[in-house]
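What follows is a single structure, written as structure tokens, with notes after it.
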DNA sequence: GACCTGCTGCGGGTTG
């Protein structure tokens, strides 16, 4: 790894263009950040790819663009010289504004291109392409499809590609799309173009490098900021719910913790600008409404507003404007919408309700606070169950609280989830194949395989056999057709798909209902619960009654109402990484308590540790729970699900229950025998195991894959057979050792 | 499985 060396800073700085240096002085900067200095030789010298990892506000954008602008200044050439790809339109707008200032003095032209940019501006750029282009992957896709023949001319002078918020592209269909586009771009201009990846949240720099430049990750220059992170003030607060008297009465107990958390938020956040992350849209709505109620009762202006992806654009922008306005104290209760990118000004505190979906996500959220030399403040709120004689055994371990603490500990250790090993991304391969055909008005099969799956492409692991199978399936479904000379052309279903504007996105979106109040659209919602007139619900932080449902137009009419519950959209978390579970075990076997735990959390953790010891889980991670057996291999959700699939294949009934694997109606001895058998057998093939799994279609074009390819796809994306067998070995070994003592 | 991201061309209207 290349480390920044501050001693030679003056030398590096001198290598910048004189006008760039003047611009730096004009900003009033005394010196460059370590990362900005280190990036100068790495970017100016070379033809190397560069990966820049540094905390929020460490100046990653400037680290890339000070040297890039130095290099391209005075070479105004025909064609775009630097391409910036960002995941959000709002982020592109922000970066465009910042970049314009610097580029103006250098006489470098800047263009932004996304769905909200006027067609006339796009036309102007096409007539006279030069300088820097800021774009989304979707708009770049539209360029390939609609202006395929212009691509070589537009990018003939391209010298750099910058990928902002690189982490948001890793392990996703959208990331495979972007990397395929960049590969196709390099083929069009017949040379490799240096890539510069920027991110604050990369768990493993070499794994990220391997994705930035598929097949050649070891040649990527890695620059990681040595600057110490911001000061951090932490607190974990627990609130206890009583167990409901009857199983059907699930709301009664839960309300205690919701009230307690809302009370504390209301008392502590008013008067400043804050973010509250509530994990699920339904939780966002619940807490926003609870906080608005408290403002009403206290007779004070309401400072609490909901913000999530289903709210109408105008409502979200209102909240964003309030966040940016330093004269208006505002707390946004939000999902992941405010986790990334756009500059929302100085944030006083970040609150997290429930375990964060991942450590990476927690780091992103924390990065929103504590800029401008203020410490970052994080409060994590946790709802826990009161424990009595009736409490189910698994609930006694207080796993949500333990997961919250484990995530924080890993964050303090500067760990976050690394990218997963390569997936096939066959859905996006279909999209790229159709796009390639549109770009060239037809392509030969061998050429298609060479371009899309050759060395350096994200689909390099797709075999020629798999590709041939893909072509056959697409042909049989009339997505593709072939001319007499073998050229692949768009078929009866392929043609309208590519010609519709929704084609450009690689990711899947579902159909949703529009919610309307007196002619104004409040937002949209995927409705997967019974919908009827007079139903009470909460949306946009307010309470409503349903007055009419128009099934055909997918419209729901609302009127304000006093009561109402948030729509049940599900509250389960995402996939927990194995490392988090390992740390949870460590915490349960430890006897220390971090200073940032409040008294309630400390008490609950001590209780959980006593239960852990009583159940002798340190010796043998198995619990007998009535007729069921619970296994706690302390591994990730992916591995647990794979283990469940292996067990189901042998005729046992296994499901994932939080951090545990539940073997229904299975005695302890039978569970142990099964684990020993899995531990002693070679790991099954993921594609074979996938055959037993229903619901394998998840990505946009998965419906166009045949069963064989779908199994290959699902196996590579969702199953970890080796990890599952390792988990079984751990259980088998521990139980063998436990029984001998 | 939670959450999120994005998108064209054209016709028709209004405004300067």
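Just so it is clear, none of the values below were taken in a lab; they were calculated from the coordinates. Note that this is a predicted model, so its numbers are computed, not measured. Cβ sites come from the backbone with ideal geometry, for glycine too, and all protein chains shown count toward neighbours.
Label positions at residue A:386 and residue A:321, each projected 7 Å from the Cα along the C-beta direction, are separated by 4.7 nm.
Using the Cβ-Cβ distance between residue A:547 and residue A:256 with R0 set to 35 Å, the FRET efficiency works out to roughly 0.60.
Label positions at residue A:708 and residue A:156, each projected 7 Å from the Cα along the C-beta direction, are separated by 4.5 nm. Inter-label distance, residue A:216 to residue A:465: 3.0 nm, where each label sits 7 Å from its Cα along the C-beta direction.
Report the gain in length on full extension from residue A:680 to residue A:97: 0.36 nm times residue separation, minus Cα-Cα distance, nm rounded to one decimal.
Values: separation 583, 0.36 × 583 = 209.88 nm, distance 6.03 nm.
Taking residue A:680 through residue A:97 to full extension adds about 203.9 nm, to one decimal.
Considering every alpha-carbon pair of region A:80-205, the percent of pairs per 5 Å bin, from zero through the bin containing the longest distance, is 2, 10, 21, 26, 21, 13, 5, 1, 0. For region A:360-440, the relative contact order comes to 24 percent (Cα pairs under 8 Å, sequence separation of at least 6).
Counting each DSSP H run of 4 or more residues in chain A as -39500 (n - 2.57), what helix-only mean residue ellipticity at 222 nm follows after dividing by all residues, to the nearest 500 deg cm²/dmol? Numbers along the way, then the final one.
Numbers: 26 runs with 312 residues, N = 741.
Helix contribution divided over all residues of chain A: -13000 deg cm²/dmol.
Here r is the Cβ-Cβ distance between residue A:192 and residue A:14 and R0 is 35 Å; the resulting FRET efficiency, rounded to 0.05, is 0.80. Distance between the C-alpha centers of region A:42-65 and region A:708-726? Whole Å please. Region A:42-65 and region A:708-726 have Cα centres spaced 35 Å from each other.
Binning all Cα-Cα separations of region A:15-157 at 10 Å, short to long from zero, yields these whole-percent fractions: 11, 41, 36, 12, 1. Sorted ascending by nearby beta carbons within 10 Å, beginning with the fewest, A:381, A:84 become A:381, A:84.
Using all pairs of distinct alpha-carbon atoms, the Kirkwood hydrodynamic radius of region A:196-236 works out to 12.1 angstrom. Against chain A, whose longest principal axis is taken from its Cα atoms, helix A:89-106 shows a tilt of about 40°.
Shape annotation for chain A: C-alpha extents along the principal axes are 77, 65, 64 Å, from largest to smallest. With respect to chain A, whose longest principal axis is taken over its alpha-carbon atoms, helix A:34-45 is tilted by about 40°.
Over chain A, what is the relative contact order in whole percent, taking alpha-carbon pairs under 8 Å and six or more residues apart?
Numbers: 1360 pairs, mean separation 89.0, N = 741.
The normalised contact order for chain A reaches 12 percent.
What number, in nm² with one decimal, is the all-direction average of the projected area of the convex hull of the alpha-carbon atoms of region A:615-739? Present the calculation step by step, with values, prior to reporting the outcome.
Numbers: hull surface 30.3 nm².
About 7.6 nm², averaged over all directions.
In nm, what is the difference between 0.36 nm times the number of residues separating residue A:207 and residue A:499 and their Cα-Cα distance? Don't jump to the answer; show the numbers that get you there.
Values: separation 292, 0.36 × 292 = 105.12 nm, distance 3.62 nm.
Full extension from residue A:207 to residue A:499 adds 101.5 nm.
Only beta bridges with both residues in chain A are counted; by DSSP, about 35 percent of them are antiparallel.
Can you compute the FRET efficiency between residue A:590 and residue A:648 using 1/(1 + (r/R0)^6), with r the Cβ-Cβ distance and R0 = 41 Å? Round to the nearest 0.05. The value I calculate is 0.75.
Once C-alpha pairs closer than 8 Å and six or more residues apart are averaged by separation and normalised to the residue number of region A:615-739, the relative contact order reads 34 percent. At full extension, residue A:514 and residue A:447 could sit 19.7 nm farther apart than now, given 0.36 nm per residue minus the alpha carbon distance. To the nearest ten degrees, helix A:464-476 and the longest principal axis of the Cα atoms of chain A are 90 degrees apart. When you count the other C-beta atoms within 10 angstrom of each residue and take the mean per peptide, A:347-360, A:185-198 line up highest first as A:347-360, A:185-198.
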